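S.K.: Please find one structure pasted underneath; my questions will follow.
The values are calculated or read from the model by the stated rules, or taken from the named source; none is laboratory data. In this text the structure is predicted, and so the values were computed from the model without any measurement. Cβ placement follows ideal geometry from the backbone for every residue including glycine, while neighbour counts extend to all protein chains displayed. The accessibility values were calculated without ligands, DNA or RNA, using every heavy atom of the protein model including side chains. Shrake-Rupley method; radii C 1.70, N 1.55, O 1.52, S 1.80 Å.
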Amino acid sequence: MGRTMRVNMQALSVTEDVNNGGHSGLGGRGLTSRIVLDEVRATCDPLGPDNKMVFAPGLLGGIALTSAGRLSVGGKSPLTGGIKEANAGGIVGNQLARLGISAIVVEDRPSGKDDWYLLKVDRNGGTLLPAGDIVGLGTHATVARLQERFGKKAGICCIGQAGEKRMRAASVAVTDILNQPNRHAARGGLGAVMGSKQLKAVVVDDSGASRRTGADDEALKREVAAFAKAIIDNPKTKNQALYGTASIVKACNSIGIFPTRNFSSGQFEHALELTGEKIYEICTGRGGEGNPTVSCMNPCVIKCGNIFPDALGKQVVSTLQYETIGLMGSNLGMTNLDAVAVLNALCNDIGLDTIEMGAALGVAAEAGLLEWGDVQQAARLLKEVAEATPVGRVLGQGAAVTGAVFGVERAPVVKGQAMPAYDPRSLKGNGVTYATSPMGADHTAGNAFGSRDKVNQLQAAGQVDLSRGLQVFAAMLDSLGLCIFARQPVLEDPTMLVNMVNYLYGWTWTKETLSDLGRKTVGFELEFNRRAGFTRADDRLPDYMYTEKLPPHNVVFDVTDEEMAQVWPDR
């Protein structure tokens, strides 16, 4: 395994545990959740000194395996009040793994309320340095300043103004291979936790580090190459490479799950202007800095990202993703990708989860704070979040708080967290995941969209078993550090994954061991939430989704509480 780095913000000390804290067999989400369960009092204030923040690469990070360099960020969520893991692509996960670091655990907070720091990590260990000169900057200016100081090859995790102000919709930005903070561990408000620690950034310099070698390195190299080929040869990969995550916009709209005007409909009349195909057309047609296929990390054979340009070919944002298009696009009545790109870029720079903020703005639109489809008004409100005006502070706390303050009952949240861009009334498997996952409403915890050929999306039957399996599978992938878009060969046969783990560590894992990793991880999270006071009564969607029919299928969410209780019957 590797070593655990402990950063005490009160003592301003950095120490290391070479035995990885005794957490053998865990990485990524499994490791962050285990540490949080073991070390964080479940009833603590998420923004107080007793919460901890954990950064961890996956078990397969750093071995030059395609799409396996994702970084998990964990802690107690200020948004849900329960455990949270958010993960991101970019370069930092692989860098930490190559340095032999399994986890960075950030504890306590400084004595001085105005004292801000950055953590520099390299082959010699970790060092806390003053960061007062970058406080108040957005993520792009922060990264530019730090790269001037530490070099372009340094990987950076940082927060923007939202995290500094401890707003519950705040994300953690992670730099990608473009040296830009375009990848975000966005969900659950962990950027606010980082702000509560007065930690502006983590800078990782892996100079001199090389690919991790395995217990059987030649066999590992062969399996890594075979896995990459299996992904390249898969037809679904080719579609994602061309059109990115937005390749599913047409399908989601046609089957009636595309959130529209604060989740009041599952279809948007302008959906064809928001598709992956449209992104490709704009990126290639406008030229300049536009690029429809870019990757966030090396190596990656999928390349689902993009650089979206303005009319003159200058980059607006990288990268436009499906969730942002759904929440900042159709959910706000935005009729074109240029509008979505502007809002996406603002969120990235301020350090905000586009899902949470898209939902919050949708609630605000229903309350009359902006008109549907008005990008200028939406952008103005996002800037108010950065400026921390009274209205900005409300919006920055997310959709649930926005609804409560402005008297809007139709807030699409579960356990305080906004729903992603799949309306659960017409994709009932996602509704079960939103309600029963310890993560709150989060598609990355078990997305049923790709399983519509197995279970009828509009019927309650079969959704409980489907969601349970998807949640375990997602936790396993997150623990390995593997991107969900590399899942197809794993779904068909997980043997290659098992082999790579064994060749890397010299273990004797089986397919069942791999599944157990996912089950154990979810188990850690359920236990933390139980200690935090969560009960089965919290495993519900908003009341209106049980009674308000969703066009075009005119269905409600009808999986019963009794059925929901069978997802985790032993908890």
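S.K.: What's the number of the condition residue 257 fails, among (1) of a type in the set (A, V, I, L, M, F, W, C); (2) part of a loop (DSSP other than H, G, I, E, B); (3) within 20 Å of residue 311 (Cα to Cα)?
M.R.: So residue 257 meets the others, but not (3).
S.K.: Against the condition among the polar types (S, T, N, Q), open to solvent by less than 10 Å² (accessible area, probe 1.4 Å) and in a loop (DSSP other than H, G, I, E, B), how does residue 67 come out, does it pass?
M.R.: yes
S.K.: Could I ask something else about it? Which count do you get for residues in region 549-564 that are within 21 Å of residue 260 (Cβ to Cβ) and of a type in the set (A, V, I, L, M)?
M.R.: Adding up the residues that qualify gives 3.
S.K.: From the list 214, 244, 208, which one is farther than 28 Å from residue 438 by Cβ, assigned to a loop (DSSP other than H, G, I, E, B), open to solvent by less than 30 Å² (accessible area, probe 1.4 Å) and in contact (Cβ under 8 Å) with a residue 60 or more places away in the chain?
M.R.: Of 214, 244, 208, the one residue that is farther than 28 Å from residue 438 by Cβ, assigned to a loop (DSSP other than H, G, I, E, B), open to solvent by less than 30 Å² (accessible area, probe 1.4 Å) and in contact (Cβ under 8 Å) with a residue 60 or more places away in the chain is 214.
S.K.: Ok, one more. Within the group 54, 92, which residue is open to solvent by less than 10 Å² (accessible area, probe 1.4 Å), among the hydrophobic types (A, V, I, L, M, F, W, C) and free of Cβ contacts under 8 Å to residues at least 60 places away in the same chain?
M.R.: Values: 92 fails: free of Cβ contacts under 8 Å to residues at least 60 places away in the same chain.
Only one candidate passes the filter, namely 54.
S.K.: Please enumerate the residues belonging to region 308-335 that are of a type in the set (Gly, Ala, Ser) and either assigned to a strand (DSSP E or B) or under 18 Å from residue 289 (Cβ atoms) (or both). Break it down stepwise before answering.
M.R.: Taking region 308-335 first, the residues of a type in the set (Gly, Ala, Ser) are 311, 313, 318, 326, 329-330, 333.
Matches in region 308-335: 311, 313, 318.
S.K.: Further question: Taking residue 559 as meeting all but one of (1) of a type in the set (A, V, I, L, M, F, W, C); (2) touching a residue at least 12 places away in the same chain (Cβ under 8 Å); (3) open to solvent by 60 Å² or more (accessible area, probe 1.4 Å), write down the number of the exception.
M.R.: (3)
S.K.: So, in region 223-246, exactly how many residues are of a type in the set (Ser, Thr, Tyr) and farther than 16 Å from residue 420 by Cβ? Before you say what the answer is, go through the steps one by one.
M.R.: We begin by selecting, within region 223-246, every residue of a type in the set (Ser, Thr, Tyr); these are 237, 243, 245.
In the following step, the residues that additionally are farther than 16 Å from residue 420 by Cβ were identified as 237, 243.
Number satisfying all stated conditions: 2.
S.K.: Which of the helices (runs of 4 or more DSSP H) contained wholly in region 382-436 include at least 3 residues that are open to solvent by 30 Å² or more (accessible area, probe 1.4 Å) and over 26 Å from residue 468 (Cβ atoms)? Give the steps one after another, and end with the answer.
M.R.: Numbers: elements: 390-395, 399-406, 428-436.
Per the criteria, 390-395, 399-406.
S.K.: For the condition surrounded by fewer than 24 Cβ atoms within 10 Å (Cβ to Cβ) and closer than 21 Å to residue 191 by Cβ, what is the one hit in 371, 323? First the steps, then the outcome.
M.R.: Values: 371 fails: closer than 21 Å to residue 191 by Cβ.
Within the list 371, 323, the selection yields 323.
S.K.: I'm checking my understanding of the structure. Among residues of region 436-459 that are of a type outside the set (S, T, N, Q) and touching a helix residue (DSSP H, G or I) at 6+ places or on another chain (Cβ under 6 Å), which one is farthest from residue 268 (Cα to Cα)?
M.R.: Taking region 436-459 and keeping what is of a type outside the set (S, T, N, Q), we get 438-443, 445-446, 448-450, 452-455, 458.
Subsequent filtering for residues that are touching a helix residue (DSSP H, G or I) at 6+ places or on another chain (Cβ under 6 Å) retains 438-439, 441-442, 445-446, 448, 455.
Numbers: 438: 31, 439: 28, 441: 22, 442: 22, 445: 26, 446: 25, 448: 21, 455: 24 Å.
Ranking the candidates gives 438 first.
S.K.: Also, I was wondering about something else. If residue 41 passes every condition in (1) open to solvent by 60 Å² or more (accessible area, probe 1.4 Å); (2) basic (Lys, Arg); (3) not in a loop (DSSP other than H, G, I, E, B) but one, which one does it miss?
M.R.: (3)
S.K.: Only one of 114, 133 is part of a loop (DSSP other than H, G, I, E, B) and either more than 24 Å from residue 316 (Cβ to Cβ) or open to solvent by 10 Å² or more (accessible area, probe 1.4 Å) (or both). Can you tell me which?
M.R.: Numbers: 133 fails: part of a loop (DSSP other than H, G, I, E, B).
So the residue among 114, 133 that is part of a loop (DSSP other than H, G, I, E, B) and either more than 24 Å from residue 316 (Cβ to Cβ) or open to solvent by 10 Å² or more (accessible area, probe 1.4 Å) (or both) is 114.
S.K.: Please find, within region 455-476, the residue that is most open to solvent (accessible area, probe 1.4 Å) out of those that are of a type outside the set (Gly, Ala, Ser), in contact (Cβ under 8 Å) with a residue 40 or more places away in the chain and not in a loop (DSSP other than H, G, I, E, B). Show your work before the answer.
M.R.: Residues of region 455-476 of a type outside the set (Gly, Ala, Ser): 455-459, 463-466, 468, 470-473, 476.
Subset that is in contact (Cβ under 8 Å) with a residue 40 or more places away in the chain: 457-458, 463-464, 468, 470-473, 476.
If we keep only those that are not in a loop (DSSP other than H, G, I, E, B) too, we end up with 463-464, 468, 470-473, 476.
Numbers: 463: 3, 464: 21, 468: 66, 470: 35, 471: 3, 472: 20, 473: 40, 476: 11 Å².
Applying the filter and picking the extreme gives 468.
S.K.: Looking at region 1-18, I want the residues that are modelled with pLDDT under 95 and in a strand (DSSP E or B) and have a partner that is surrounded by 15 or more Cβ atoms within 10 Å (Cβ to Cβ) and among the polar types (S, T, N, Q) with Cβ atoms under 6 Å, at least 6 apart or on another chain. Which pairs are those?
M.R.: 17/4
S.K.: Let me ask something else about it. Would you confirm whether any residue within region 163-178 is over 17 Å from residue 78 (Cα atoms), charged (D, E, K, R) and open to solvent by 10 Å² or more (accessible area, probe 1.4 Å)? Before you say what the answer is, go through the steps one by one.
M.R.: Here is the first cut: in region 163-178, the ones over 17 Å from residue 78 (Cα atoms) are 173-178.
Add one more test, that the residue is charged (D, E, K, R), and what stays is 176.
Subsequent filtering for residues that are open to solvent by 10 Å² or more (accessible area, probe 1.4 Å) retains none.
Scanning region 163-178, I find no residue that is over 17 Å from residue 78 (Cα atoms), charged (D, E, K, R) and open to solvent by 10 Å² or more (accessible area, probe 1.4 Å), so the answer is no.
S.K.: Check 220, 199, 190, 274 and return the single one that is open to solvent by less than 10 Å² (accessible area, probe 1.4 Å), of a type outside the set (Ser, Thr, Tyr) and under 22 Å from residue 331 (Cα atoms).
M.R.: Values: 220 fails: under 22 Å from residue 331 (Cα atoms); 199 fails: under 22 Å from residue 331 (Cα atoms); 190 fails: under 22 Å from residue 331 (Cα atoms).
The conditions single out 274.
S.K.: Got a sec? Which helices (runs of 4 or more DSSP H) wholly within region 478-550 have at least 2 residues that are open to solvent by less than 30 Å² (accessible area, probe 1.4 Å) and at pLDDT 95 or above?
M.R.: 495-505, 511-532
S.K.: One residue is enough: does region 322-340 have a residue meeting the conditions touching a Phe, Trp or Tyr at 6+ places or on another chain (Cβ under 8 Å) and under 30 Å from residue 232 (Cα atoms)?
M.R.: yes
S.K.: Just to check your reading of the model, which residue among 225, 192 is over 22 Å from residue 85 (Cβ atoms) and assigned to a helix (DSSP H, G or I)? Please lay out each step first, then the result.
M.R.: Working: 192 fails: over 22 Å from residue 85 (Cβ atoms).
Result: 225 is the single residue among 225, 192 that is over 22 Å from residue 85 (Cβ atoms) and assigned to a helix (DSSP H, G or I).
S.K.: Is it the case that residue 352 is open to solvent by less than 10 Å² (accessible area, probe 1.4 Å) and either in contact (Cβ under 8 Å) with a residue 40 or more places away in the chain or within 19 Å of residue 189 (Cβ to Cβ) (or both)? So that I can check it myself, show each step before the final result.
M.R.: Working: open to solvent by less than 10 Å² (accessible area, probe 1.4 Å): yes; either in contact (Cβ under 8 Å) with a residue 40 or more places away in the chain or within 19 Å of residue 189 (Cβ to Cβ) (or both): yes.
It is true that residue 352 is open to solvent by less than 10 Å² (accessible area, probe 1.4 Å) and either in contact (Cβ under 8 Å) with a residue 40 or more places away in the chain or within 19 Å of residue 189 (Cβ to Cβ) (or both).
S.K.: Shifting gears a bit: Residues being outside any loop (DSSP other than H, G, I, E, B) and buried (at least 20 other Cβ atoms within 10 Å of the Cβ): count how many of those fall in region 22-38.
M.R.: 9
S.K.: Cβ-Cβ distance below 7 Å, separation of 6 or more or different chains: which pairs start in region 394-411 with a residue that is farther than 22 Å from residue 47 by Cβ and end on one that is in a helix (DSSP H, G or I) and open to solvent by 40 Å² or more (accessible area, probe 1.4 Å)?
M.R.: 408/366; 410/366
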